[in-house]
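Colleague: Have a look at the structure that comes next, please.
The values are calculated or read from the model by the stated rules, or taken from the named source; none is laboratory data. Just so it is clear, the structure is predicted and the values come from calculations on it, not from any experiment. A quick note on method: Cβ atoms are made from the backbone with ideal geometry, for glycine too, and the neighbour counts reach across all protein chains shown.
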Amino acid sequence: MHLLWFLLIGLIAGWLAGQLTRGQGFGVFGNMVVGVIGAFLGGFVFGVLGLSAYGLLGQLIMATVGSMVLLFLLRLIRTA
């Protein structure tokens, strides 16, 4: 059940990150896949910074931040 919630939060975070970066991503489906990967990245980044995310909203924010970082890095790679 936790995996299902993790995937759902990642999908929403990817879509949200795509909207916050003004749609400059990999399309709706691509952004949602990036969101799932970004959720892992967000957990790592928050852990390194010593931050914790509690509750559904905290996890969504963490995953969205991770997705935005990943979209930024992927855009750098794609334009190089």
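Colleague: Restricting to segment 4-32, count the residues that are β-branched (Val, Ile, Thr) and at pLDDT 85 or above.
Modeller: Residues meeting the conditions: 2.
Colleague: Another question, then. Any idea which residue in segment 20-55 is surrounded by the most Cβ atoms within 10 Å (Cβ to Cβ), counting only those that are assigned to a loop (DSSP other than H, G, I, E, B) and small (Gly, Ala, Ser)?
Modeller: By that ranking, first place goes to GLY25.
Colleague: Do the conditions hold for MET1, that is, is it buried (at least 16 other Cβ atoms within 10 Å of the Cβ) and either more than 10 Å from the chain's Cα centre (by Cα) or modelled with pLDDT of 85 or more (or both)?
Modeller: Considered against the rule, which asks whether it is buried (at least 16 other Cβ atoms within 10 Å of the Cβ) and either more than 10 Å from the chain's Cα centre (by Cα) or modelled with pLDDT of 85 or more (or both), MET1 comes out as no.
Colleague: How about segment 17-65: which of its residues are among the small types (Gly, Ala, Ser) and closer than 19 Å to HIS2 by Cα?
Modeller: GLY35, GLY38, ALA39, GLY42, GLY43, SER52, ALA53, GLY55, GLY58, ALA63
Colleague: Moving to a separate point now. Need the failing condition index for VAL69 against (1) buried (at least 20 other Cβ atoms within 10 Å of the Cβ); (2) within 8 Å of the chain's Cα centre (by Cα), just the number.
Modeller: If we test VAL69 against (1) buried (at least 20 other Cβ atoms within 10 Å of the Cβ); (2) within 8 Å of the chain's Cα centre (by Cα), just (1) comes out false.
Colleague: Taking segment 46-61, which residues are without any contact (Cβ under 8 Å) to a residue 24 or more places away in the chain and in contact with a helix residue (DSSP H, G or I) (Cβ under 6 Å, 6 or more places away or on another chain)?
Modeller: Once the filter is applied, which keeps residues that are without any contact (Cβ under 8 Å) to a residue 24 or more places away in the chain and in contact with a helix residue (DSSP H, G or I) (Cβ under 6 Å, 6 or more places away or on another chain), segment 46-61 yields PHE46, ALA53.
Colleague: Could you list, in sequence order, the residues of segment 62-80 that are hydroxyl-bearing (Ser, Thr, Tyr) and out of contact with any helix residue (DSSP H, G or I) (no Cβ under 6 Å at 6 or more places or on another chain)?
Modeller: THR79
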